[in-house]
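As structure tokens, the structure follows; a few thoughts come after it.
The values are calculated or read from the model by the stated rules, or taken from the named source; none is laboratory data. It should be emphasised that the depicted structure is a prediction, and the values quoted were computed from it without experimental measurement. For neighbour counting, all protein chains shown are included, and Cβ atoms are generated from backbone atoms with ideal geometry for every residue, glycine included. The area values use the complete protein model at the heavy-atom level, side chains included, leaving out ligands, DNA and RNA. Shrake-Rupley method; radii C 1.70, N 1.55, O 1.52, S 1.80 Å.
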Amino acid sequence: MKKPNRPGLADSISVSRRTLLRCASSAALLGIVSRGAFAHPTNIHEEMKLFGAADKSKSFPDKFLWGAATAAHQVEGNNTSSDFWALEHIPESIFKEPSGDACDHYHLYAQDIAMLADLGFNTYRFSLEWSRIEPEEGFFSNAELDHYRRMLVTCREHHLTTLLTYSHFSVPLWFARKGGWQHADSPDRFARFCERATKHFGHLIDYASTFNEPDVTHLLNWISLPGTEGKSLVEILQSGLGGARKHLNAPDFADFFLGDGRKIRDNLLAAHAKGKAAMKSARPNMPVGFNLAMSDDQPAPTDSHLEEKRADVYGPWFEVAKSCDYLGVQTYSRAVVGKKDLPPPKGAELTQVGWEYYPECVEGVVRYAAKQTGVPIMVTENGIATTDDSRRIEYYQRALAGLKRAIDDGVDVRGYVTWSLLDNFEWMSGFEPKFGIVAVDRATQKRTIKPSGAFLGNIARRNSL
Ligand code: BGC
């Protein structure tokens, strides 16, 4: 029988070892080599000395969660019943390219989860694709619910803590056609889905999240893109709404990004409350929170609207977080806030998506979010888009040094999850931005672990910088 193109885990790991030998930092090398090609140290104390884990000044709290994240639509492939799939395929789509097979994580999840665990991580954050589970209103597919149950079981088999996001931007097309999050029934529709999913596999979830970045509806108003004459990102997105409605023959079409931001937020707030109640009714002791998009906001020297921005974007969600079991924070850079977010300073290093290279954002964000909410914080996304993996390694070093400073000062942070496990479908930008610690050849679906994956995995394994 012909050997399939797709590599087994062993193949990808051996590739990564070779790659590592060429380019990884000495810290990454130390971890990988001592576990693989060379003899194991004879006892745990020796191993701890070797990894520096005995050095308390560098270690993280016991049971600290170290993970990588994905989102269903960005990795699974062929989410043909979702709003995004429809938008990707209309004429003059605002998407650079369609998601297609993406990373075929839908079929390759077992190999990907094993790879994550083998790298040294103890946590996987991923999301449900609602449009697979409820492809038509009121029809719930047991086969698809079983798929996500199998993913959760696979995580258990690899001793990975599971962070499950119920809604990461994409929604079923039927839901978007009916007005998406603008519709008054949207909170109940979401709660029904939350209840069904939690009944099916809630016992396997360690931390549930209702929404990924529900504050984006308002955050986008503060971001201006270079060369867009002061237009906010949200205005640019909305300009495509009329065309989308026409092409889809759906006059009420709206979703997470498209529609009336104010109405969408009100319904997301209600949907969070109802969704959380539905989850808790199915499994009362399941920790539930959500994931907030945040920049490390800093005041411009003059005319800063920093506090106005914070009240507008995070304010209502911080209130909600106070009654959650934890808050996930997701941050990539800082924002210097004038009347709006200012463009990055002249000469600043930018990542592939134009954001300022600013790993210290993690420290700023966890300190601020913890102070505002008083609940345990988890970093559920952080990372950079780059084709120069050595810049990602330095980013992690600096981000984690900052996180450690905050923890040492008493900030209650329970975990650090990087975005992303795989190079994936970066929404409107298509597959070009490379956020992954693992590269994906989309023709063969072959995975190749990057040095940064081994580097971060080794920190995770020894729970210490
Ligand atoms: C989102 C991800 C996205 C990442 C990088 C976050 O806002 O949750 O879906 O890929 O940022 O842009």
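Only one entry of 414, 398 meets the criterion of being of a type in the set (D, E, K, R), in contact with a strand residue (DSSP E or B) (Cβ under 7 Å, 6 or more places away or on another chain), in contact (Cβ under 8 Å) with a residue 24 or more places away in the chain and away from the ligand (no atom under 16 Å from the Cβ), and that entry is 414.
So that you can scan it fast, the table gives a plain yes or no per residue for (1) away from the ligand (no atom under 16 Å from the Cβ); (2) assigned to a helix (DSSP H, G or I); (3) under 17 Å from the mean Cα position of the chain (by Cα):
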| site | (1), (2), (3) |
| --- | --- |
| 67 | no, no, yes |
| 79 | no, no, no |
| 87 | no, yes, no |
| 93 | yes, no, no |
| 97 | no, no, no |
| 103 | no, no, yes |
| 115 | yes, yes, no |
| 143 | yes, yes, no |
| 156 | yes, yes, no |
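Would you check if there is a residue in the stretch 378-385 being assigned to a helix (DSSP H, G or I) and either away from the ligand (no atom under 14 Å from the Cβ) or within 29 Å of residue 93 (Cβ to Cβ) (or both)? No, the stretch 378-385 contains no residue that is assigned to a helix (DSSP H, G or I) and either away from the ligand (no atom under 14 Å from the Cβ) or within 29 Å of residue 93 (Cβ to Cβ) (or both). Considered as a group, the residues in the stretch 420-459 that are touching a strand residue (DSSP E or B) at 6+ places or on another chain (Cβ under 7 Å) and open to solvent by 10 Å² or more (accessible area, probe 1.4 Å) include one that is farthest from the ligand (Cβ to nearest atom), and that residue is 448.
Residues of the stretch 290-306 that are within 15 Å of the ligand (Cβ to nearest atom) and either of a type outside the set (A, V, I, L, M) or over 30 Å from residue 202 (Cα atoms) (or both): 290, 291, 295, 296. Taking the stretch 357-384 as the range and being open to solvent by 20 Å² or more (accessible area, probe 1.4 Å) and among the acidic types (Asp, Glu) as the test, the residues that pass are 360, 363.
For beta carbons closer than 6 Å, sequence separation of 6+ or different chains, a first residue in the stretch 228-246 that is on the phi > 0 side of the Ramachandran plot and a second that is at pLDDT 80 or above, there are no qualifying pairs. Residue check: residue 411 meets all listed conditions (1) open to solvent by 10 Å² or more (accessible area, probe 1.4 Å); (2) β-branched (Val, Ile, Thr); (3) out of contact with any helix residue (DSSP H, G or I) (no Cβ under 6 Å at 6 or more places or on another chain) but one, namely (3). Of all residues in the stretch 385-392, at least one satisfies being among the acidic types (Asp, Glu), open to solvent by less than 50 Å² (accessible area, probe 1.4 Å) and over 25 Å from residue 307 (Cβ atoms).
Which of the following residues is open to solvent by 50 Å² or more (accessible area, probe 1.4 Å), more than 18 Å from the chain's Cα centre (by Cα) and over 30 Å from residue 201 (Cα atoms): 284, 343? Before the answer, list the steps.
On the way: 284 fails: over 30 Å from residue 201 (Cα atoms).
None of the other options fit; the residue is 343.
Restricting 152, 160 to residues that are closer than 22 Å to residue 461 by Cα and touching a residue at least 60 places away in the same chain (Cβ under 8 Å) narrows the list to 160. Considering (1) surrounded by fewer than 23 Cβ atoms within 10 Å (Cβ to Cβ); (2) hydroxyl-bearing (Ser, Thr, Tyr); (3) within 16 Å of the ligand (Cβ to nearest atom), the lone condition that residue 331 does not fulfil carries the number (1).
For the stretch 61-102, the tally of residues that are open to solvent by 20 Å² or more (accessible area, probe 1.4 Å) and not acidic (Asp, Glu) stands at 14.
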